[in-house]
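The values are calculated or read from the model by the stated rules, or taken from the named source; none is laboratory data. These numbers were taken from a predicted model, which means no experiment stands behind them. We place every Cβ from the backbone using ideal geometry, glycine too, and count neighbours over all the protein chains shown.
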Amino acid sequence: MFAISLHHGRPGTHTGVSEAFKKGHVGSSLRWRLDLLKTLPGNSLLEAVSEATSKISNIERLPWCLTHGDLVPANIMVDPSTGHLTGLIDWAEGEWLPFGVGLYGLEEVLGFGDAQTGFRFYEEHEQLRTVFWDKFIELTTTGEAESLTWIQDAGLAQKLGILLWRGIAFEDGRIDRVVEAGRDDFELQKLSLFLKARSQPMGANGSAEQHIETFPVAQTLDHKPAKIL
């Protein structure tokens, strides 16, 4: 579905042509949200914000694609007999965003949430991540080195997507409060884990379990983990 989204993408901001789409709530405020995220706790999270901020122009030059606003297992429909994707539900927060931002959802399907230990990746998450990128590159590039360079920026866009979706709380339709230690520990644990394990265009870059900041996980969660059959 990401390859299809990319094939139907619209030009980024570097072309000088009139926009063929209207930027939504998040797309029109990417830089403002990065400034907001500078209050995240922990040096490693702030380093991720700094990297995304320094590369925001590159990210904005990527094709803008229709992006699902809540790409989690509970919103993904699959055929249980084949495992093939059949549909996505809950497009209330969908909007046009630079390609790669929506790849925060890739990490969501590579593990599961637990009220006691937080989010945990499946044992095969590194292999599955590699399979994803290999197939994506096969469907979207010529294989020449120059056709792969933009994918590095897509990896940065994924980091931005993780920061936006897990670093800013969603409260009654509002998305303008940075997550806080002691209040949003489940999201902080997930944010740290996803950033350390973010996809690399040519495959995973080692164990996601190493050097990850830990946050205590609240004993009670507002939602239960969803699984994909």
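Looking across 195, 110, 160, 188, one residue alone is closer than 23 Å to residue 28 by Cβ, in contact with a Leu (Cβ under 9 Å, 6 or more places away or on another chain), buried (at least 17 other Cβ atoms within 10 Å of the Cβ) and in contact (Cβ under 8 Å) with a residue 12 or more places away in the chain. It is 160. For residue 29, indicate whether it is farther than 14 Å from residue 157 by Cβ and part of a helix (DSSP H, G or I). Yes, satisfied.
Could you check, for segment 86-93, whether at least one of its residues is among the small types (Gly, Ala, Ser) and closer than 28 Å to residue 53 by Cα? It would help to see each step written out before you state the result.
Step one: filter segment 86-93 for residues among the small types (Gly, Ala, Ser), giving 87, 92.
Subsequent filtering for residues that are closer than 28 Å to residue 53 by Cα retains 92.
Within segment 86-93, one or more residues are among the small types (Gly, Ala, Ser) and closer than 28 Å to residue 53 by Cα.
Residues in segment 43-79 that are of a type in the set (A, V, I, L, M, F, W, C), farther than 20 Å from residue 167 by Cβ, surrounded by fewer than 18 Cβ atoms within 10 Å (Cβ to Cβ) and in contact (Cβ under 8 Å) with a residue 60 or more places away in the chain: 66, 74, 78. Taken over segment 30-56, residues that are out of contact with any helix residue (DSSP H, G or I) (no Cβ under 9 Å at 6 or more places or on another chain) and closer than 22 Å to residue 94 by Cα amount to 1. Consider segment 9-37 and keep the residues that are at pLDDT 90 or above and touching a Leu at 6+ places or on another chain (Cβ under 7 Å). The one that is nearest to residue 182 (Cα to Cα) is 37. Applying a threshold of 6 Å to beta carbon distances and a minimum spacing of six or more residues, or different chains, the list of pairs starting in segment 80-92 at a residue that is exposed (fewer than 11 other Cβ atoms within 10 Å of the Cβ) and ending at one that is among the acidic types (Asp, Glu) reads 86/79.
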